[in-house]
1. For region 55-69, name all the residues that are exposed (fewer than 13 other Cβ atoms within 10 Å of the Cβ) and of a type outside the set (S, T, N, Q).
2. Could you tell me which residue of region 314-355 is surrounded by the most Cβ atoms within 10 Å (Cβ to Cβ), considering only residues that are touching a Phe, Trp or Tyr at 6+ places or on another chain (Cβ under 8 Å) and within 30 Å of Leu458 (Cα to Cα)?
3. If Ile162 meets every condition in (1) touching a Gly at 6+ places or on another chain (Cβ under 7 Å); (2) not in a strand (DSSP E or B) apart from one, which number is that one?
4. I want to confirm something. Restricting to region 105-136 and keeping residues that are free of Cβ contacts under 8 Å to residues at least 12 places away in the same chain and within 30 Å of Val56 (Cα to Cα), which single residue is surrounded by the fewest Cβ atoms within 10 Å (Cβ to Cβ)?
5. How about region 252-285: which of its residues are in contact (Cβ under 8 Å) with a residue 60 or more places away in the chain, part of a strand (DSSP E or B) and under 28 Å from Ala317 (Cβ atoms)?
6. Only one of these is closer than 26 Å to Thr453 by Cα, without any contact (Cβ under 8 Å) to a residue 40 or more places away in the chain and either surrounded by fewer than 15 Cβ atoms within 10 Å (Cβ to Cβ) or of a type outside the set (D, E, K, R) (or both): Ser368, Ser403. Name it.
7. Taking region 137-154 as the search range and keeping residues that are among the small types (Gly, Ala, Ser) and outside any strand (DSSP E or B), which one is surrounded by the fewest Cβ atoms within 10 Å (Cβ to Cβ)?
8. Out of contact with any strand residue (DSSP E or B) (no Cβ under 9 Å at 6 or more places or on another chain) and more than 30 Å from Lys257 (Cα to Cα): is that true of Gly369 in this structure?
Amino acid sequence: MKNKILFIALLVVGCVFADIQITSYSVLPTTLKPGVTGSASITVYNPSSTTVNGVVIYQGGEQFTFTSNRVQLGDIGPLGSTVVAIPFVIKNNVAPGVYTLRLDAFWTEGSEAKTKVFSIPISVSNPPIFKFEFTPIGEVTPGQSFKVKGQLKNEGGDAKQITLSVNSSYFFFDKLSQLPIGNLGAGESMPIELSLVASTSAQPGLQSIPLTATYNDPLGAIQQATILITPVNVMKNYVDFSINAAAEKGVITPGSKTKFFVNLTNIGNSNAYSAKVSISSASAYFTSIGSYERYFEILPPNLEKQIEFEIGVSGSAPAGYYPITVTVSYLNMNGESQTPVQKQVGVEVGGAPQISITPNTNPSPLTSGKLYTLSLQFSNTGDIDIRALEATLSSDYFEILDSPYSYIGSLNVDDYTSTQYKIYSKQGLKPGSYPIQVNMKFKDAYNVEHTQTKEVMLEVVSLETAALTQKPAEMNPFGLAIIILAVLAVLYLVYKKYFKKKVSR
């Protein structure tokens, strides 16, 4: 019981004569650096049983400036407390470290003046401020590797032994977990190239890539800061192909073969894997010479490929256009088969129409100033049928006495037909070759209209040459009969006059 009374007595004495106390404090902001305004909030407590009067706190410290050199708290009653804020500004030239904010308290207790000094530790730091200026990033697809190039600037304090890591579920460094980049002093910058990979589960849309920069501050403490790469446009994976194909020969003749070129471009944004390119035709007139398939392990975006095939055409193939189907089948990045891409390309079978004209005259040869029958034989020597053939004759050296226009009609390949015209060789033509123009108009097997002009050369000779080469004119049957009858009549008269008289004698 005596011990308890003694403890209470000592406590009372201690309370009576105790000095004021700072029971708690806080400093804002939590990170203080040179040039920054801060504030220390303190709780001042009077543990005594009497009132303390006229409490004044003077603040000081070489690293700080103050708007006022003191703060007046006034009177604090027994066991009372009050909270007061001490504003300050950290000087610009203060190096990072821990500094003391000095608080000198003055008050009176009864008739006695008292004073006490308090110290509050203020931690000053100058953390680096990282700014990453990078070249805009193009579209990124899930699973794609890409690079980010730029300049990393430090607009804050020194940072040493900087290491970068990616703090994301959708992006990560390519073949690295961390990227050491060294030291970066205040106001310095360095070029950086980051090799990154987008996860196959990256969501389409505008994304950000948060980087964590781990570094040592000037006091040797390990600190971290966040660097944000934004925006990153993640596009949905897709594969598509631009297919252009053509035969080496513009027109393939029946019974021949030709190279067939397929120009293939992946115009999507993702790789096509285990790609197979094949050609086929629904027509029995076409066949592939050699393999009709080509294989590629990977067809990346924007890659252009020219693929060569060889096809043959049956000799019995009619003229016309035939479809060749190009098919591209492939797997996506997950190894899944995708819907094949197909395109049909028209191939022309046929050829250029060609007409030859062979002249013949009766009689022959020709001399000037006479009438003749001109026979023109039109032959289809091309490799395509023609129809609606019509011909018109004109000449400066021969007069066309019949209608110069003739409708001939259809001519299949290797067919021919003849037309005849009455012509007159003009007077005064000297021996030599003279042309007759034959203007032709016709349609081919594809109903395409053509016009051709050919010159038929006729040879004119002199009368003397014609006499040497002229064949005797053939006698017609009626004239021959008259001659025979005349001969028989003469023979009869001779018989009657001479032989019959001898018999009667």
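The values are calculated or read from the model by the stated rules, or taken from the named source; none is laboratory data. Keep in mind it's a predicted model, so treat the numbers as computed, not measured. Virtual Cβ from ideal backbone geometry, glycine too; neighbours counted across all protein chains shown.
1. The one that is exposed (fewer than 13 other Cβ atoms within 10 Å of the Cβ) and of a type outside the set (S, T, N, Q): Glu62.
2. Pro353
3. (2)
4. Filtering region 105-136 down to residues free of Cβ contacts under 8 Å to residues at least 12 places away in the same chain leaves 111-113, 115, 136.
If we keep only those that are within 30 Å of Val56 (Cα to Cα) too, we end up with 111-113, 115.
Working: Ser111: 5, Glu112: 7, Ala113: 11, Thr115: 11.
If we take residues in region 105-136 being free of Cβ contacts under 8 Å to residues at least 12 places away in the same chain and within 30 Å of Val56 (Cα to Cα), then Ser111 is surrounded by the fewest Cβ atoms within 10 Å (Cβ to Cβ).
5. Ile252, Phe260, Val262, Leu264
6. On the way: Ser368 fails: without any contact (Cβ under 8 Å) to a residue 40 or more places away in the chain.
Unique residue meeting the criteria: Ser403.
7. Narrowing region 137-154 to residues among the small types (Gly, Ala, Ser): 138, 143, 145, 150.
When the remaining residues are screened for being outside any strand (DSSP E or B), the result is 138, 143.
Values: Gly138: 10, Gly143: 17.
Checked region 137-154; the qualifying residue surrounded by the fewest Cβ atoms within 10 Å (Cβ to Cβ) is Gly138.
8. Values: out of contact with any strand residue (DSSP E or B) (no Cβ under 9 Å at 6 or more places or on another chain): no; more than 30 Å from Lys257 (Cα to Cα): yes.
Considered against the rule, which asks whether it is out of contact with any strand residue (DSSP E or B) (no Cβ under 9 Å at 6 or more places or on another chain) and more than 30 Å from Lys257 (Cα to Cα), Gly369 comes out as no.
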